[in-house]
Amino acid sequence: MKLSLFKKLAKKYSNLPLSKDIQDIDDFNKYQDALLNDKKCTDWVLKQQIKSAGLNPNKYCCLDMGYHLIEAKKTKRKTKINYDTIIITTKSKEFGIPIHDGGTSFIKINYCPWCGHKLK
Ligand SMILES: [Zn+2]
């Protein structure tokens, strides 16, 4: 699917809840298929989600890293433990796996778990 068509369909179908009859439409099925199986469409969706969380998708080694840092960003504003946070980054550009004990400890990682890129 062309990304331009996908973007149009995403605008149409990303507002939930969808009515029941929409799911029978051929366009919706094509949209769903592209969302799950077409890398350029999936990457575009990830970029949009990263941007809307206030993060820069180009700042990280891969979109998966940026996407998974969204929860860490949300956590910074809360005092409760966010168990959905699976990776964090520090001001000194370290990356790590958080230890959900109520503190700020984490296990430092040297390579991206998604793309294998060496982290600085
Ligand atoms: Zn990566």
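Only sites in a loop by DSSP and with at most 10 other Cβ atoms within 10 Å count here; which trypsin sites (Lys or Arg not before Pro) in segment 12-104 make the cut? Sparse-neighbourhood loop trypsin sites (Lys or Arg not before Pro): LYS76, ARG77, LYS78, LYS80, LYS91, LYS93. Remark: segment 106-120, residue by residue, has Karplus-estimated 3J(HN,Hα) of 7, 9, 5, 10, 9, 9, 5, x, 9, 10, x, 4, 5, 8, 7 Hz, where x stands for each Gly or Pro and the curve is 6.51 cos²θ - 1.76 cosθ + 1.60 at θ = phi - 60°. Our estimate of slack between ASN82 and LYS20, defined as 0.36 nm per intervening residue step minus the Cα-Cα distance, is 19.0 nm.
The lysines whose alpha-carbon is closer than 25 Å to the alpha-carbon of LYS20, local same-chain residues fewer than 8 away aside, are LYS7, LYS8, LYS11, LYS12, LYS30. Computed from Cα atoms, the angle from the helix 3-13 axis to the main principal axis of the chain rounds to 90 degrees. The H on the amide N of PHE106, modeled in the peptide plane, is under 5 Å from the matching H of ILE99, each at least 5 residues off or on a different chain.
Run lengths n ≥ 4 of DSSP H only: what is the helix-derived mean residue ellipticity at 222 nm for the chain, with -39500 (n - 2.57) per run over all residues, to the nearest 500?
-12000 deg cm²/dmol
Only alpha carbons enter this Debye calculation for the chain, each as an equal point scatterer, and the log10 of I(q)/I(0) it gives at q = 0.13, 0.17 Å⁻¹ is -0.64, -0.90. Straight-distance candidates among the lysines for linking to LYS74, with alpha-carbon spacing under 17 Å and chain neighbours fewer than 8 residues away dropped: LYS47, LYS51, LYS91.
With 0.36 nm allotted per residue and the present C-alpha distance subtracted, the LYS2-LYS74 stretch has 22.7 nm of extension available. 3J(HN,Hα) along segment 40-52: 5, 6, 4, 4, 4, 4, 4, 4, 4, 5, 5, 4, 5 Hz, from the Karplus curve 6.51 cos²θ - 1.76 cosθ + 1.60 with θ = phi - 60°, whole Hz, x for Gly and Pro.
Read-outs throughout are calculated quantities, based only on the coordinates presented, and are distinct from any laboratory measurement. Every value quoted in this text rests on a predicted model; they were computed, and no experiment measured them. With ideal geometry, Cβ positions are generated from the backbone for all residues, glycine too; neighbour counts draw on all protein chains shown.
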